Amino acid sequence: MGLRVLPPDINASGYHYTGMDRVIRAGLMQIQGLSGEGLDSLLDEREKHGPFIRFGEFMARAPLDLHRDAMRGIRAVPARKMKGWAGRHITMVGWWVTGKPVRTKNGRPMEFATFEDTTDIFDATFFPGAYARFHKKLAQQRPYILKGRVEVEYGVATLNVGWVGFLDDARTGEELT
């Protein structure tokens, strides 16, 4: 047929597939884990403020910025201020970046995870009890709400996670405790 199929592009794709002549571009609807509301917000951001020039600019404008309305009712501590909350229980909002499942010396599973908010990246530890309760929620491409205690060791702040939920559930009124 001689068709060229192009992948989704943050600056060139719309919601649906588009085509011209013998070229088809996949729509952003093909991005796994991107909700319809998130996609609408992303397209609105691009229309209002122009194309995303660099990845860092995209991260500054999205993805958590796309959830500004849901975040208004949550008193989240920014990652860059986390160290100042040592020894206290806090709420944080972040996008899951990566995780490393490990086992304790007793063979129980746990996980070290990294999240990112609009200010910085931060580390979170899911000790065996929290890991058992929440491991099925980890690694999803959705914004998270995390509650736990900040611990500082060797100058590095880490959130000892006690509870996990999803920011987009906060919008639907789902119980967040």
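If you count only protein heavy atoms with a 1.4 Å probe, what accessible area per residue comes out for the range 122-168, rounded to a whole Å²?
45
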Paired Rg and Dmax values of the range 79-177, which use every Cα atom, in angstrom:
13.0, 40
Quick one: 3J(HN,Hα) in Hz for the range 44-51, Karplus 6.51/-1.76/1.60 with θ = phi - 60°, rounded, Gly and Pro as x.
5, 4, 5, 5, 6, 10, x, x
Please go through the residue pairs LYS48/LYS83; LYS48/LYS81; LYS48/LYS147; LYS100/LYS147; LYS81/LYS136 and name each one whose alpha carbons sit more than 25 Å apart in this structure.
LYS48/LYS83; LYS48/LYS81; LYS48/LYS147; LYS81/LYS136
Which ³J(HN,Hα) values in Hz, rounded to whole numbers, follow from the phi angles of the range 155-160 under the Karplus curve 6.51 cos²θ - 1.76 cosθ + 1.60, where θ = phi - 60° and Gly and Pro get x?
x, 10, 8, 9, 8, 7
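The values are calculated or read from the model by the stated rules, or taken from the named source; none is laboratory data. What you are looking at is a predicted structure, and each value in this text was computed from that prediction instead of being measured. Side chains included, ligands, DNA and RNA excluded: accessible areas come from the protein's heavy atoms. Shrake-Rupley method; radii C 1.70, N 1.55, O 1.52, S 1.80 Å.
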